[in-house]
2 protein chains.
Amino acid sequence: MSHSEEAATLKHVDQIISPEWMIPVSSKGKRNVKALTGLSIAINHNKIVAIEPTPRLFKHYTTDSHTELPNQALLPGFVNCHTHAAMSLFKGLSDDLPLMMWLENHIWPAERKWVDDAFCEDGVTLAIAEMLLSGTTCFNDMYFQPNMTAKVAQKLGVRATIGMLMFDFPSAWGSGWEDYLKKGLSLRDDYKHSELLTFAFAPHAPYTVSDEPLSKIATLSNELSLPVHMHVHETAHEIKESLSQHGKRPLKRLQELELVNPNLIAVHVTQLHRNEIETIASHGVSVVHCPQSNMKLASGISPVQDLLTAEINVALGTDGNASNNDLNMFSEMKTASLLSKVYTGSAQACSAADILYSATMGGAKALGMEKLCGSIEVGKAADLTAIDLNTIQAQPLYDPVSQIVYTAGREQVSHVWVNGRLQVENGHLCRLDNSQLISMAKNWRDKIQHSKANA
Amino acid sequence: MSHSEEAATLKHVDQIISPEWMIPVSSKGKRNVKALTGLSIAINHNKIVAIEPTPRLFKHYTTDSHTELPNQALLPGFVNCHTHAAMSLFKGLSDDLPLMMWLENHIWPAERKWVDDAFCEDGVTLAIAEMLLSGTTCFNDMYFQPNMTAKVAQKLGVRATIGMLMFDFPSAWGSGWEDYLKKGLSLRDDYKHSELLTFAFAPHAPYTVSDEPLSKIATLSNELSLPVHMHVHETAHEIKESLSQHGKRPLKRLQELELVNPNLIAVHVTQLHRNEIETIASHGVSVVHCPQSNMKLASGISPVQDLLTAEINVALGTDGNASNNDLNMFSEMKTASLLSKVYTGSAQACSAADILYSATMGGAKALGMEKLCGSIEVGKAADLTAIDLNTIQAQPLYDPVSQIVYTAGREQVSHVWVNGRLQVENGHLCRLDNSQLISMAKNWRDKIQHSKANA
């Protein structure tokens, strides 16, 4: 075969990326989290079409866009599996307060005063900027005005699961549970052709949604195969209240309402009896661990190593910016691993590989996206994060997986692609203007702080 | 008075710094940690000579070097009160292992094989680069070859307390306790005119140093007014061993050896009875909290809020890079505060102000440097760190103290001065070459990893 014949067999693709290391995080199980070298990845029509040793890949593929990342590890983008994105505008508004004082005297009044479409549009934009800059390509949100969360995520090209929020009580988003349900399903319909957005039922918590709407959600989530995103067993107080009101623990009540099944994404879960771990495991529930929020609000510690041992799917989330106070999956991974070690008394608990799996594939599985994202595999969407390991802080580099979990920071994120589209390049946002974002946040700060001072 | 007469009364100083915010951290007590605006600071001969509202300061002082920091908060540099700096070359060498397997199969063999003057010189250089880039201006070190720690810190112009290391057993640094003592004191003598270096006795731990040398150190530290830097009650195992060998808990033994006094810097202290907290408080001992290391090695949790309530001086340390795996005081502050909250069940525990005080003045006090550094006050050395709060991540900014502890990262450090000398400018090291440091670390990595693979 002549040289020209050989060239003619080359398939043209949108882009090829050649990183120094690749950590594909196979969907085949958590033990398969390691750094490989010498690989390149071909992307076409937003999908990964080939992962091969670089010379072999270039024998089969050609492109006009070849990105070489000689100092970087390429990972699946982080999946932040529990956020209240718009709350970014309340970041640091009040700290170091007991949960109920924080909620009743600060967060709830601020929400009643400020939360509307304009607030949520700006808050979600700021949150997405922060998440992209720290390597997150997909987030699972629950907050008021999900219409704005959907609008901004779609506009900016970020993957998200939009929570169809529900409470018993009215808010800026709905007048009661039937109204919330109607608006949520209608919003889902608006985006039925979106490649980026999926939807989940998001009844806030067992103590804010009563049996009838929860039962309705159980039926609908089963019929529509949609996840149910819910705060569950966040605090001991929640358990106590449920025992007094319902005569049973919240998980038991959810089980009787037929919500305890693989659609359930149970967030926080700091309070668990042994038999409840078995229930969660046998019913295929996913748990979202939010260690920094649980620590900051003194909610408790989720027994993550026990969950992993029971083969429960564990995802990782930052929670909202008001209780963290960042949306940084790097520090969340490190905290999750360290907290698990000291909590169990075993330095082996929740290894770097375990938690990197949770921060990527664990989230994708919880959201029912295990065939779409969460790992770098042929056929999946190109949701990718490149981390620069050629910094002073990352030296010496014995093991990229360990270094990413225990040492790396958000500032080492150099490139981010969502669905094949470049969102961060050399540490800078491609589609958002930094100074405009900062001005916008300052305007909100001035208004909110001024109003608080005069309250 | 004519204009020229007025100008003649202006005092010329080496430099003036005008930040947007200043968080002076008064030495007068932890409640005084807040962000002030509109102030400038005049520095002459390495000392802070004035802190005044900017227009007033410029009525009295003039300079050829005026640094304006319009987006930054200026803080006293962090005091990292427990490090093994040279161990930076073992960062990430082995993780997720039980303490004894980690020590016996990985760290101790690596130390026996690699630790010498050349290793320590390079390791300390890398550690100082990392510490400066993350805003630390003073560190309290304990490791082999303190001669090299002293040499590098002095050469690079960083403040440090050098540990006069002691074990019962021999090492690359000494043949036995008398030899360690002699070498330590002789090293101290070599640097008696240093403005930057101070010395502390550094008996490694109660379980590695026997009564006779400890007693000797008690006498000498009293005579020379030198601190005693020691791992104390790091793990439950240590207590158990001491009970079996000495019939008493380590702190009790140290008390009988007359080491429990204001010179003692007790590191870790995860195991404490109520009466031991009282002993520590009434004897003026300082405690160094190293939350990330204690978590990563599953050592336990120091009851920091109880220590603060008992008015004990609490400092903060990262421990060595092999068990953290960074020397980043930002994440250490956040972890310390969050861990204390979840441990006590109170979201009010260990506030942002409390922990920022520990990370600066708490460290200075522990090291007997409370009149020298740890706060921005007239008469103190100009050890300063400027943190850029005009980033996406730091928005919206309601309270700089909260934002620095809960949200900021090392990458926001823009400027660092030690003893009046600029060490970091716009996030770049002024006196060290980044690529040379990275090459050096890679060479060590290649040697150490290759040898490990062939072991």
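Shielding of peptide B:128-141 by partners, expressed as the average count of other chain Cβ atoms within 10 Å per residue Cβ, is 1.
Sorted from closest to farthest, the other copies place their B:T54 label points 4.9 nm away, with each point set 7 Å from Cα along Cα→Cβ.
Summarising the amide proton neighbourhood of A:T136: residues at separation of 5 or more, or on other chains, whose placed amide H is nearer than 5 Å comprise A:F78.
Ratio of Rg to Rh for the protein assembly as shown, alpha carbon only, Kirkwood?
Values: Rg = 27.9 Å, Rh = 28.5 Å.
In the protein assembly as shown, Rg relative to Rh is 0.98.
The radius of gyration of the Cα set in the range A:122-206, together with its Dmax, comes out at 12.7, 38 angstrom. Based on the alpha-carbon gyration tensor of the range B:339-429 and its eigenvalue square roots a ≥ b ≥ c, which shape applies: rounded if a/c is under 1.5, prolate if not and a/b is larger than b/c, or oblate? Taking the square roots of the gyration eigenvalues as a ≥ b ≥ c, the range B:339-429 is oblate. This model, with +1 at the C-beta of Lys and Arg and -1 at the C-beta of Asp and Glu, gives the range A:124-218 a dipole about its Cα centre of some 300 debye. Taking the longest Cα principal axis of chain B as reference, the axis of helix B:146-156 is set at about 10 degrees.
Cross-link partners for A:K380 among the aspartates and glutamates, with Cα-Cα distance under 17 Å and sequence neighbours closer than 8 places in the same chain left out: A:D14, A:E52, A:E195, A:E370.
For the Cα atoms of chain B, what angle does the longest principal axis make with the long axis of helix B:329-344, in degrees from 0 to 90, nearest 10? Result, in degrees: 60. Against the empirical 2.2 N^0.38 Å (N residues), the range B:98-240 has a Cα radius of gyration ratio of 1.06.
Between B:S414 and B:A386, B:I387, B:D388, the built amide H atoms are under 5 Å apart, and every one of these is 5 or more places off in sequence or on another chain. From the largest down, the range B:172-274 spans 43, 29, 22 angstrom on the principal axes of its Cα atoms.
In chain A, Cα pairs under 8 Å separated by at least six residues give a relative contact order of 20 percent. On a per residue basis, the protein assembly as shown carries 35 Å² of accessible surface, using protein heavy atoms and a 1.4 Å probe. Most simply put, chain A has about 40% antiparallel DSSP beta bridges, counting only bridges with both residues inside it.
Per residue of peptide A:337-350, the mean number of Cβ atoms on other chains within 10 Å of the residue Cβ is 6.
In Å³ and rounded to a whole number, note down the convex hull volume per residue for the Cα atoms of the range B:248-347. Can you show the working numbers first?
Details: hull volume 10.3 nm³, N = 100.
Hull volume over Cα atoms, normalised by residue count, gives 103 Å³.
Inter-chain Cβ neighbour count for B:325-334, averaged per residue, equals 4 (cutoff 10 Å, partner chain atoms only). Largest accessible area first, the residues A:E212, B:E111 order themselves as A:E212, B:E111 under a 1.4 Å probe with ligands, DNA and RNA left out. Exposure here means at most 11 other Cβ atoms within 10 Å; with trypsin sites (Lys or Arg not before Pro) in a DSSP loop as sites, the longest stretch of chain A lacking them is A:193-455.
Among the listed pairs A:K155/A:K296; A:K341/B:K91; B:K34/B:K341; A:K248/B:K341; A:K113/A:K252, which have their C-alpha atoms separated by more than 25 angstrom in this model? From the list (A:K155/A:K296; A:K341/B:K91; B:K34/B:K341; A:K248/B:K341; A:K113/A:K252), the Cα-Cα distance tops 25 Å for A:K155/A:K296; A:K248/B:K341; A:K113/A:K252.
Ligands, DNA and RNA left out, the 1.4 Å accessible surface of chain B is 49% carbon and sulfur atoms.
Overall, the ratio between the Cα radius of gyration of the range A:94-164 and 2.2 N^0.38 Å, rounded to two decimals, is 1.22.
Here the range B:62-181 is treated as a sphere whose radius is the Kirkwood value from Cα pairs; by Stokes-Einstein at 20 °C and 1.002 mPa s it diffuses with a coefficient of 133 µm²/s.
Which angle between 0 and 90 degrees, to the nearest 10, do you get for helix B:434-453 versus the longest principal axis of chain B when only C-alpha atoms count? Compared with the principal axis, the helix lies near 10 degrees.
Suppose the chain between B:E258 and B:T37 were pulled fully straight at 0.36 nm per residue; how much longer would it get relative to their current alpha carbon spacing? Residue separation times 0.36 nm, minus the Cα-Cα distance, leaves 74.9 nm.
Across the range A:52-64, computed HN-Hα scalar couplings (Karplus, 6.51 cos²θ - 1.76 cosθ + 1.60, θ = phi - 60°) run 8, x, 3, x, 5, 4, 6, 6, 10, 10, 9, 7, 8 Hz from first to last residue, x flagging Gly and Pro.
Among the protein heavy atoms, those of A:W444 account for about 20 Å² of accessible surface (1.4 Å probe, every chain in place). Contact residues in the range A:91-106 by the 10 Å² criterion (accessible area, 1.4 Å probe, full protein complex versus chain alone): A:K91, A:G92, A:L93, A:D95, A:D96, A:L97, A:P98. Helix content alone sets the calculated 222 nm mean residue ellipticity of the protein assembly as shown: runs of n ≥ 4 DSSP H residues at -39500 (n - 2.57) each, divided across all residues, give -11000 deg cm²/dmol.
Where a ≥ b ≥ c are the square roots of the eigenvalues of the C-alpha gyration tensor, would you call the range A:15-72 rounded, which needs a/c under 1.5, or, failing that, prolate if a/b is larger than b/c, or oblate?
Verdict is prolate for the range A:15-72.
Take the accessible area of chain B alone and of chain A alone, subtract that of the pair, and you get about 5300 Å² summed over both chains, using a 1.4 Å probe.
Stokes-Einstein diffusion for chain B at 10 °C, viscosity 1.306 mPa s, with a Kirkwood radius from C-alpha pairs, works out to 71 µm²/s.
The values are calculated or read from the model by the stated rules, or taken from the named source; none is laboratory data. Remember, it's a predicted structure, so these values are computed and weren't measured experimentally. Positions of Cβ are backbone-derived with ideal geometry, glycine not excepted, and every protein chain shown enters the neighbour counts. Surface areas here come from the heavy atoms of the whole protein model, side chains and all, with no ligands, DNA or RNA. Shrake-Rupley method; radii C 1.70, N 1.55, O 1.52, S 1.80 Å.
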